[in-house]
Each structure stands twice: as structure tokens, then as C-alpha cells.
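For reference, the structure discussed in these notes is given below.
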Amino acid sequence: MPSPLEKTVAIVTGASSGIGEATARELAALGASVAVVARRADRLDTVVATIEAAGGTAFAVAADIGDRAQAEAVVQTVLDRFGRLDVLVNNAGLMLLGTVLDQDVEEWERMISVNQKGLLYLTKAALPHLLAAAEDDLRGVADIVNVSSIAGREAYPQFGVYSMTKFGVQGFTSALRQEVTQKHVRVGVLEPGAVATELVSRNNQAVQDQLAASDAENIPERLQPEDIAESIAYMVTRPRRSSIAELWAMPTSQA
């Protein structure tokens with residue numbers, strides 16, 4: 001029996017660790033050739049080696065997707081190598097926390113650059129090729145999955161600008177879905193709760209300690225990156241007739 005994603009090509013951003021790495025491994029195991037994208041080239045090489053050791057196909061594309069030219073080059077590199085694109089997982093993101101009064105504006109700009117501009121640039125560059133894939137005989141469908149957050153559904157103190165970026169992802173996803181779903185490009189958003197990744201580690205130690213104390217009390221068991229990867233795989237392996245518009249994935253203790 002053929003693998004669900006056999007002969008397809010996928011791009012996964014933020015793939016050097018956490019959800020992105022787990023998603024790349026999951027899609028490769030399902031038969032996709034996966035382009036893993038992030039800034040840390042050495043980490044990407046490790047991800048590729050892991051996928052290839054398991055019998056999958058992957059290659060690394062080191063890029064800062066917040067830069068439009070680099071984001072567009074990612075898509076062109078994939079097309080030059082494989083000639084097609086079937087799945088785009090916009091996972092790259094930064095979560096830098098602080099009050100509106102005290103947080104450094106540079107941190108806001110970094111989040112907007114990656115969480116919103118990077119997603120927009122990749123999607124814009126990829127969309128014509130996803131539309132083409134949806135018209136051919138391989139699957140007759142293509143997929144975009146945008147990874148948002150519970151903070152894109154609910155706002156919390158110190159999450160103001162991060163939430164702004166993720167609420168924006170929600171709106172963009174909904175609008176794009178209405179534009180292209182009838183052409184069989186499925187566009188879905190996935191909103192994880194607390195996941196055990198490096199996301200929090202980009203914050204200063206005081207913020208990390210505060211979140212750790214809160215989680216210890218309220219979320220004793222976080223989700224693992226593999227849990228989210230399985231959810232993404234579910235979204236992109238549905239039959240052509242089925243589109244998952246929104247998936248909210250939470251730790252049981254947080255839900």
C-alpha cells in the first residue's frame with residue numbers, strides 16, 4: 001500500500017527543532033520529500049541526517065524567512081530540486097514576552113518579521129505552485145498549514161504583541177481559505193497550547209522562571225512536538241473531499 005504522501009514535496013519552516021523538526025520527520029515517514037527550513041544550518045543538517053537514516057528524503061535550506069528575498073529563494077530552491085510543491089507548513093515563530101510598557105520594540109519587530117512577514121512571503125511564493133499541484137493527478141489537492149497558538153484565540157498579560165501576530169495568522173488563514181479552497185488548496189490553522197519546545201528559551205531568565213512556575217502549577221504535562229506533528233499530518237492526509245479548517249490542540253490539563 002503506497003504511503004499517503006508518496007511523491008509529494010513539502011516545505012516545513014522552523015524545522016531545526018521542536019514542532020518543525022517533528023513535523024518534517026512525520027511527513028517524511030509518510031512518503032514526502034521534505035525541505036527543512038530555518039536559520040541554523042547545523043541543526044538542519046542533523047534533522048536531514050535523522051530523516052535519511054530512517055529511510056526518508058529531506059534536504060536543508062538555511063534561510064531567514066523574514067527577509068522576502070530569502071523566503072522566495074526557499075521556494076525556488078525546492079522547485080529547482082523537485083519540480084513541484086504539495087504541502088507548506090508555516091511553523092516558524094518567535095514568542096518574546098513582556099508588558100507593552102516595558103518590552104523592547106525590537107522584540108516586537110522580530111516577532112512580526114518571522115510570525116507574520118515570513119508566513120506571508122512563503123505563502124505568496126508557494127501559492128502558484130500549490131495551485132498547480134492541486135490540478136494534477138497525483139493527489140488532486142494541496143495543503144497549507146499555518147501554526148498559530150492558543151494565544152491567537154485568547155489574549156494574556158505579557159503576550160500582547162505575540163498574540164497580535166497570532167490573531168493575524170488566524171485572520172489571514174481564514175481569508176486565504178475562502179480564496180483557494182474551491183481550487184482544492186486546503187488552508188488550515190493549528191493552534192497548540194503548551195508544548196515542550198525551545199520557544200520559551202528565547203526570553204530573559206525572569207520570564208522563563210515565571211512561565212516555569214506557572215506551568216508547574218497549572219500544566220503539569222505539556223504536549224510533545226510529536227503530538228502537534230501528528231495533528232499536522234492528519235490535516236494534510238485527509239481525502240481530497242475533506243478539509244480541516246481549524247484544529248485546536250491542547251494539553252489535557254490546560255484544555
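The values are calculated or read from the model by the stated rules, or taken from the named source; none is laboratory data. This is a predicted model, so every value here is computed, not measured. Every residue, glycine as well, gets a Cβ built from its backbone with ideal geometry; the counts of neighbours run over all protein chains shown.
Out of all the residues in region 87-107, which are outside any loop (DSSP other than H, G, I, E, B) and within 23 Å of residue 16 (Cβ to Cβ)?
Going residue by residue through region 87-107, those that are outside any loop (DSSP other than H, G, I, E, B) are 87-90, 105-107.
Within region 87-107, 87, 88, 89, 90, 106, 107 meet the criteria.
Only one of the numbered conditions (1) surrounded by fewer than 20 Cβ atoms within 10 Å (Cβ to Cβ); (2) part of a helix (DSSP H, G or I); (3) touching a residue at least 24 places away in the same chain (Cβ under 8 Å); (4) not polar (S, T, N, Q) is violated by residue 232, and that is (1). Residue 61 falls short on exactly one of the conditions (1) in a loop (DSSP other than H, G, I, E, B); (2) modelled with pLDDT of 95 or more; (3) among the hydrophobic types (A, V, I, L, M, F, W, C), and that condition is (1). Screening residue 70 on (1) out of contact with any helix residue (DSSP H, G or I) (no Cβ under 6 Å at 6 or more places or on another chain); (2) under 23 Å from residue 141 (Cα atoms); (3) part of a helix (DSSP H, G or I) shows it passes everything except condition (2). Taking the conditions (1) surrounded by fewer than 24 Cβ atoms within 10 Å (Cβ to Cβ); (2) aromatic (Phe, Trp, Tyr); (3) within 20 Å of residue 20 (Cα to Cα) in turn, residue 162 satisfies each one other than (1).
Only residues that are buried (at least 24 other Cβ atoms within 10 Å of the Cβ), of a type in the set (S, T, N, Q) and in contact (Cβ under 8 Å) with a residue 40 or more places away in the chain: list them for region 12-58, please. Within region 12-58, 13, 23 meet the criteria.
Do we have residue 190 as among the hydrophobic types (A, V, I, L, M, F, W, C) and assigned to a strand (DSSP E or B) here? Full working, then the answer.
Numbers: among the hydrophobic types (A, V, I, L, M, F, W, C): yes; assigned to a strand (DSSP E or B): yes.
Spelling it out, residue 190 is indeed among the hydrophobic types (A, V, I, L, M, F, W, C) and assigned to a strand (DSSP E or B).
Could you run through region 14-58 and say how many residues are part of a loop (DSSP other than H, G, I, E, B) and of a type outside the set (A, V, I, L, M, F, W, C)? The number of residues fulfilling the criteria is 8.
If a residue must be under 16 Å from residue 123 (Cβ atoms), of a type in the set (S, T, N, Q) and surrounded by fewer than 18 Cβ atoms within 10 Å (Cβ to Cβ), how many such residues does region 71-109 contain? Let's see the steps before the verdict.
Narrowing region 71-109 to residues under 16 Å from residue 123 (Cβ atoms): 71-76, 78-79, 85-93.
From what is left, the residues that are of a type in the set (S, T, N, Q) are 76, 90-91.
Pick out the ones that are also surrounded by fewer than 18 Cβ atoms within 10 Å (Cβ to Cβ) and you get 76.
Final tally of qualifying residues: 1.
For first residues located in region 64-84 and of a type in the set (Ser, Thr, Tyr), partners that are crowded, with 17+ Cβ neighbours inside 10 Å and lie 6+ apart or on another chain with Cβ distances below 7 Å form the pairs 77/61. Among all residue pairs at least 6 apart or on different chains, which show Cβ distances below 6 Å where the first residue, located in region 142-165, is closer than 13 Å to residue 232 by Cα and at pLDDT 95 or above and the second is among the polar types (S, T, N, Q) and not in a helix (DSSP H, G or I)? Qualifying pairs under 6 Å: 146/90; 147/91. Among the criteria (1) surrounded by 20 or more Cβ atoms within 10 Å (Cβ to Cβ); (2) at pLDDT 95 or above, the one residue 194 does not fulfil is (2).
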